[in-house]
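The next block holds one structure in the form of structure tokens; read it before the comments.
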Amino acid sequence: MIPYALMSRSAGRIFWHSLSAIAMRVIIVWLYENTKASIPVAVLFHTMINLSWAVFPLAGSYYDPLINGLILT
């Protein structure tokens, strides 16, 4: 939380980003356990997470942690 606060992020943005991060971790664990411990599936999902924000115009300029958090949860 401290690094986000130091970057002047709002409390709402920090909350929704944290919720998104937790939801993504839960999904990764679920994928791993439900694909017979397939690491490539978990890695592919994690790669998709890391790259998906960058496909938006201007390197993620339209990324909204609120929408992302709601979709993932």
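A few comments on the model shown:
- Qualifying chymotrypsin sites (Phe, Trp or Tyr not before Pro) for the range 13-73 [loop in DSSP, other Cβ within 10 Å: at most 10]: Tyr62
- Summary value for the chain: 40 percent relative contact order, contacts being C-alpha pairs under 8 angstrom separated by 6+ residues.
Every number in this text was worked out from the coordinates using simple rules, so none of it is lab data. The structure presented is a predicted model; accordingly, all values stated were derived computationally and were not measured. Don't worry about glycine lacking a Cβ; one is built from the backbone with ideal geometry, like all the others, and counts go over all protein chains shown.
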